[in-house]
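See structure below.
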Amino acid sequence: MSWGTELWDQFDNLEKHTQWGIEFAEKYTKFVKERSEIEINYAKQIRNLSKKYQPKKNSREDEENKYTSCRAFLAALNELNDYAGQHELIAENLTSQIISELTRYIQELKTERKSHFHDGRKAQQHIENSWKQLESSKRRFERDCKEADRAQQYFDKMDADINVTKADVEKARQQAQMRHQMAADSKGEYSAYLQKFNQEQNEHYYTLIPHIFQRIQEMEEKRIERVGESMKTFAEVDRQVLPIVGKCLDGMTKAAESIEPKTDSKQVVESYKSGFEPPGDVEFEDYSQPMKRTVSESSLSNSRGESKPEKPVSKSKGKLWPFIKKNKGSGPEDFSHLPPEQRRKKLQAKIDDINKDIQKEMDQKDALTKMKDVYVKNPQMGDPSSVDPRLAEIGQAIEKLQIEAQKFEGWLAEVEGRLPAKSDPPRRQSGLYETQNNTTTVNNCAQDRESPDGSYTEEQSSETQIKVPSTQEFDDEFDDEETLPTIGTCKALYPFEGHNEGTIAVAEGELLYVIEEDKGDGWTRVRRNEEEEGYVPTSYVEVFLDTNAKDS
């Protein structure tokens, strides 16, 4: 069904309809834009909500994360954050796949519609002008015919009148003939215009208008199709994120299923267990006698090492657990304000932290020692004495940390009730000291530092020594590796001038061979050829290690 044949006389209505179609497409575009804004705002609110309930650093909420329910809630918050990201993706896809495309298409549609209706108006104007010419020729033919009739009637009257001269009759006859000739000419002109108009009218209504209306119909059908595709995309944008949204929801479900009430109950015991024994039964005493308690390790009188008369039960307002009083502030260094079990955990955690710090310092010391050894063997690469201040500083830091560890291990041994004797080896040694291949000798003389009243002194043991490998040991080690094999390649990301001894200058983009990885000191050893090698900053190069060469 074609608009050109069915709607040949509905030019104005088609113009209104196509304008309405463009307005409908613009309205749908506005709808998608508002939906996109809703998605963005929703995602923003979800992200803010997730951020609001995230645990704050150095707060009580960090301690609460040891419970499975709190960890599950944190995992659910992270999944909710990812869920918000999917709504941001929806908004982004709506903007790129629908709003931008439809906006561009509507502009093209307006231009195309304007062109089609311009052609239609031009055709209409042409047929109207042709009709006007036909009407003008018709009126002229009608006028000439009437004037010819009047001239003929006048001639007949003059010819019948005997009183009229022959010259007047001849003049009337000529006038009538002229009018008849003009009427004949007008008739021919009118006939020609009529034939031309009929031909143009037939072409207008059966060729031009159907062609123009057909293009308008195709334009309108394409508009409807594009709007339909946008509506389909509107649904597909949501459908595309459903798998990820489903995974987020599955993650929330998995987090909820990971909650273990028994584990949380056990964690409460671990967190708050004091290690004290419950108080003994109160003996029945006569009211005339002062009340006494059964001796126990946790009773007030026994824990303080002295006996004091207690008030009668009816007037006793004191707490049975003086050790549970809240301590304001950080408390003493040995955590003596805490119950035994909690104190043991705090001391053990402190020792673990100190051991980690010692390990870091040891790693730095090893790296600097290797660098110094390289400088000793190759003076042109650097001054060995330039490393000594840093080595001495690290040695003092290690010694200080080891003394600190001994102090806390002594307190820990005291809490655990197994303080080592002087003749016995230390009973609590960290794995760090045992793996140093006897390079560090630690004498845990916690009992030596114990004063008669049970307190500890901070005097450093004279037996605490740090054995640093000699330069000769490193020389022997490096003698075996005079020509180091290449373990990979590297590309210089930035230019390095290499003014210091032991370094090598490189240009940006230059390819070099790697002969020694970064040992934690921030330097990588590279080689340009058999005679040029040195150190470059690790952050200045991109390293590509050869796995086979490294393993071998």
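The values are calculated or read from the model by the stated rules, or taken from the named source; none is laboratory data. In this text the structure is predicted, and so the values were computed from the model without any measurement. Glycine also receives a Cβ, built like all others from the backbone with ideal geometry; neighbour counts cover every protein chain displayed. These accessible areas exclude ligands, DNA and RNA; they are computed on the full protein's heavy atoms, side chains included. Shrake-Rupley method; radii C 1.70, N 1.55, O 1.52, S 1.80 Å.
Quick notes on this structure:
- All told, residue 111 falls short of being open to solvent by less than 90 Å² (accessible area, probe 1.4 Å), of a type in the set (S, T, N, Q) and closer than 30 Å to residue 229 by Cα.
- Top-ranked residue in segment 483-503 [being in a loop (DSSP other than H, G, I, E, B) and among the β-branched types (Val, Ile, Thr); ranked as surrounded by the fewest Cβ atoms within 10 Å (Cβ to Cβ)]: 483
- Test: residue in segment 63-79 that is open to solvent by 60 Å² or more (accessible area, probe 1.4 Å), free of Cβ contacts under 8 Å to residues at least 12 places away in the same chain, basic (Lys, Arg) and within 30 Å of residue 261 (Cβ to Cβ): no
- The condition of being surrounded by fewer than 18 Cβ atoms within 10 Å (Cβ to Cβ) and modelled with pLDDT under 90 holds for residue 168.
- Restricting attention to segment 1-30, the residues that are loosely packed, with under 13 Cβ neighbours inside 10 Å and farther than 30 Å from residue 203 by Cα add up to 3.
- First in segment 260-282 and part of a helix (DSSP H, G or I), second anywhere and among the basic types (Lys, Arg) and modelled with pLDDT of 80 or more, Cβ under 6 Å, 6 or more apart: 267/66
- Pair list, Cβ < 6 Å and 6+ apart or interchain, from segment 155-184 residues that are of a type in the set (A, V, I, L, M, F, W, C) to residues that are open to solvent by 90 Å² or more (accessible area, probe 1.4 Å): 169/159; 172/154
- In segment 6-35, the residues that are farther than 24 Å from residue 101 by Cα reach residues that are open to solvent by 40 Å² or more (accessible area, probe 1.4 Å) and part of a helix (DSSP H, G or I) with C-beta atoms within less than 7 angstrom, at least six apart or across chains, in these pairs: 8/205; 11/124; 14/3.
- Checking segment 187-194 against the condition returns a match, with at least one residue being farther than 20 Å from residue 129 by Cβ and either open to solvent by 60 Å² or more (accessible area, probe 1.4 Å) or aromatic (Phe, Trp, Tyr) (or both).
- Segment 504-522, residues that are open to solvent by 70 Å² or more (accessible area, probe 1.4 Å) and out of contact with any Cys (no Cβ under 9 Å at 6 or more places or on another chain): 508, 519
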